Amino acid sequence: MNKVFITTLGCKVNQFESAAFKTGFEQEGITIVSQNEEADLIVINTCAVTAAAGAQSRQTIRQALRHNPAAEIIITGCYAELAAEELAEAKELQGRVYSLVGNSKKEGLVAGALNRSSSFTQEFGVPMMNMGSISNAREICRLPVRRFGERSRAYLRVQDGCESFCTYCIVPYTRGPSRSLPVNEAVEQARIFTEEGHKEIVLTGIHLGCYGKDLTGNGTLVSLLEKLTLATPQTSYRISSLEPMEINESLLSLMRERKNIQPHLHIPLQSGSNEILARMNRRYTTDQFREVIELCHERLPDAAIGIDILAGFPGETDAHFTAATSFLQSLYCSYLHVFPYSIRPGTVAARFKEHVPKIIKDARVTQLRSISDAKKNGFYQSQLQQIRPVLVEGRRDSDGLLKGFTDNYIAVRFAGPDSLLNGVTSIRLLIMKDNSVIGERVEHHEN
């Protein structure tokens, strides 16, 4: 085995795990190749968060098989976890050498691939199965990463699993119970990313707010952030999605205190109707959600606040939707991530009646995205003439301008030399244009 192609679908956690696979293969002298190159082994890290994601995973497998007809295949991730038996019987895999690796066994994927290649001749069409039992997983997979691709921003997975069992979600069944990366290992990974030149680290997990609950010593996400920000003060930290009732004064105080925690929170709401929230098994009310948003805005007035919202959940009437849009319009936030509800077989909600017709669902999505555009424009307007630190991406836009995001998640474009690529610079925000802000570099400014 000399060449490996790794393809990844889905969430930030999957992307982190695939980066760990890349590190593992490279340390053994294996070359990682691109999609258009021939490979001896293909690793497909799949997603199953929606039925469409599962279908895309299956399509990706077919494409990989066609493009590399002689390559061995390893299929892992949530679709492999959910549909192992189906994949084991898949016609397109018959006659191929392939393996299925469960989410709780990912830390052994690289070693297993190398051992199999060197010492084991597998029968064609009969998969090697290393699935484990995700529901019984008690420790997070150790998956160290050397470098997170060529990006200036890296993802650091510090938590895996979820025990919330929202009625629309398959993830607890594919990711298992909550498990946390010990603090010293998280700090060591952050130091490696910093040494490799990553300027920003995004803390991520399947249910990030549960970090530490399975560790001895009463660790929390806040205590982890305290240690990370002190250990690598030159590196910025961005927090990925947090449940509303997991945001508290101690977190917001630390975000105010530490300049290397980005003023940006992403908080899933999912519905602006209390009745629909109950049907979703979301454990808060709209009043509680409003209190959290108001507290965030009070403590961090310039922070970006993003909100997830599902449109067309089973039983969502016109009255529910009208109440939800009214609620959203009354909230302070910077943008919405809008998703149409789709049936995910295997979930409680898939058995609900009163499914919303697609034409109505699509109309609701359009209306919600219009609200999001208005919120985003209002937030961007409120930040004009401010000077903000911007993490510059590694390539220019189609107009030849540098581009990146401010600490509070505003898309910015500006003129500047190549020396600024993959670095942090101060930018004055000038005017809005094409869903971003045009800015100018301010030299010798203290962020």
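The values are calculated or read from the model by the stated rules, or taken from the named source; none is laboratory data. The shown structure was predicted, so the numbers you read here are calculated from the model rather than taken from an experiment. Backbone-built Cβ (ideal geometry, glycine too); neighbour counts: all protein chains shown.
For Ser398, the conditions (1) assigned by TED's automatic domain parsing to the domain that holds Phe165; (2) out of contact with any strand residue (DSSP E or B) (no Cβ under 6 Å at 6 or more places or on another chain) all hold with the exception of (1).
Among the helices (runs of 4 or more DSSP H) confined to segment 257-352, the ones with at least 3 residues that are in contact with a Leu (Cβ under 7 Å, 6 or more places away or on another chain) and not β-branched (Val, Ile, Thr) are located at 286-299.
What do you reckon, is Ser223 buried (at least 16 other Cβ atoms within 10 Å of the Cβ), small (Gly, Ala, Ser), over 19 Å from Ile305 (Cα atoms) and in contact with a helix residue (DSSP H, G or I) (Cβ under 9 Å, 6 or more places away or on another chain)? Yes; evaluated as a whole, the condition is true for this residue. Determine whether Gly54 is in the same structural domain as Lys91 (by TED's automatic domain parsing) and closer than 28 Å to Tyr168 by Cβ. When the stated conditions are applied, Gly54 passes them.
Once segment 406-418 is narrowed to residues that are under 24 Å from Arg238 (Cβ atoms) and out of contact with any Leu (no Cβ under 6 Å at 6 or more places or on another chain), the residue that is surrounded by the fewest Cβ atoms within 10 Å (Cβ to Cβ) is Ala411.
Rundown of residues vs (1) over 30 Å from Thr317 (Cα atoms); (2) of a type in the set (Asp, Glu), yes/no style:
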position	(1), (2)
Pro357	no, no
Asp362	no, yes
Gln367	no, no
Ser372	no, no
Ser382	yes, no
Gln385	yes, no
Arg388	yes, no
Asp397	yes, yes
Asp407	yes, yes
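Being closer than 16 Å to Thr167 by Cβ and in the same structural domain as Gln367 (by TED's automatic domain parsing) is the requirement here; does His320 meet it? Considered against the rule, which asks whether it is closer than 16 Å to Thr167 by Cβ and in the same structural domain as Gln367 (by TED's automatic domain parsing), His320 comes out as yes. Summed over segment 162-182, residues that are touching a Gly at 6+ places or on another chain (Cβ under 6 Å) and either of a type in the set (Gly, Ala, Ser) or surrounded by fewer than 21 Cβ atoms within 10 Å (Cβ to Cβ) (or both) total 4. All conditions but one from (1) within 27 Å of Gly346 (Cβ to Cβ); (2) touching a residue at least 24 places away in the same chain (Cβ under 8 Å); (3) surrounded by fewer than 17 Cβ atoms within 10 Å (Cβ to Cβ) apply to Ala48; the one that does not is (3).
The criterion of at least 3 residues that are more than 22 Å from Leu265 (Cβ to Cβ) is met by the following strands (runs of 3 or more DSSP E) wholly inside segment 385-447: 424-433, 436-441. Of the residues that make up segment 192-200, is at least one in contact with a helix residue (DSSP H, G or I) (Cβ under 8 Å, 6 or more places away or on another chain) and either within 22 Å of Arg153 (Cβ to Cβ) or not β-branched (Val, Ile, Thr) (or both)? Within segment 192-200 (the criterion being in contact with a helix residue (DSSP H, G or I) (Cβ under 8 Å, 6 or more places away or on another chain) and either within 22 Å of Arg153 (Cβ to Cβ) or not β-branched (Val, Ile, Thr) (or both)), the answer is no, since none of the residues qualifies. The set of residues in segment 91-104 being among the small types (Gly, Ala, Ser) and buried (at least 19 other Cβ atoms within 10 Å of the Cβ) consists of Ser99, Gly102, Ser104.
Here is the figure for segment 359-384: residues that are β-branched (Val, Ile, Thr) and either more than 25 Å from Gly272 (Cα to Cα) or in a loop (DSSP other than H, G, I, E, B) (or both) total 0.
Pairs meeting the criteria (first residue in segment 385-409 and more than 26 Å from Lys259 (Cα to Cα), second residue part of a loop (DSSP other than H, G, I, E, B), beta carbons under 7 Å, at least 6 apart or on different chains) are Leu401/Ala415. So which residues in segment 295-315 are surrounded by fewer than 19 Cβ atoms within 10 Å (Cβ to Cβ) and under 18 Å from Ser372 (Cα atoms), if there are any at all? His297, Asp302, Asp308, listed by residue number. None of Leu402, Leu430 is closer than 25 Å to Glu196 by Cβ and at pLDDT 95 or above except Leu402. State whether one or more residues within segment 424-435 are crowded, with 18+ Cβ neighbours inside 10 Å, assigned by TED's automatic domain parsing to the domain that holds Ser240 and not hydroxyl-bearing (Ser, Thr, Tyr). Scanning segment 424-435, I find no residue that is crowded, with 18+ Cβ neighbours inside 10 Å, assigned by TED's automatic domain parsing to the domain that holds Ser240 and not hydroxyl-bearing (Ser, Thr, Tyr), so the answer is no. One residue stands out in segment 336-376 among those that are out of contact with any Cys (no Cβ under 8 Å at 6 or more places or on another chain), in contact (Cβ under 8 Å) with a residue 60 or more places away in the chain and buried (at least 19 other Cβ atoms within 10 Å of the Cβ): the one that is farthest from Phe289 (Cα to Cα), namely Ala349.
Restricting to segment 68-87, what's the tally of residues that are over 16 Å from Gln56 (Cβ atoms), among the charged types (D, E, K, R) and touching a helix residue (DSSP H, G or I) at 6+ places or on another chain (Cβ under 9 Å)? First the steps, then the outcome.
Step one: list which residues in segment 68-87 are over 16 Å from Gln56 (Cβ atoms), which gives 68-74, 84-85.
From the residues that got through so far, the ones that are among the charged types (D, E, K, R) too are 72, 85.
Applying the additional criterion that residues be touching a helix residue (DSSP H, G or I) at 6+ places or on another chain (Cβ under 9 Å) yields 72.
Summing the residues that are over 16 Å from Gln56 (Cβ atoms), among the charged types (D, E, K, R) and touching a helix residue (DSSP H, G or I) at 6+ places or on another chain (Cβ under 9 Å) in segment 68-87 gives 1.
Please verify whether Val158 is touching a Leu at 6+ places or on another chain (Cβ under 7 Å) and in contact (Cβ under 8 Å) with a residue 12 or more places away in the chain, treating the condition exactly as stated. In short, yes.
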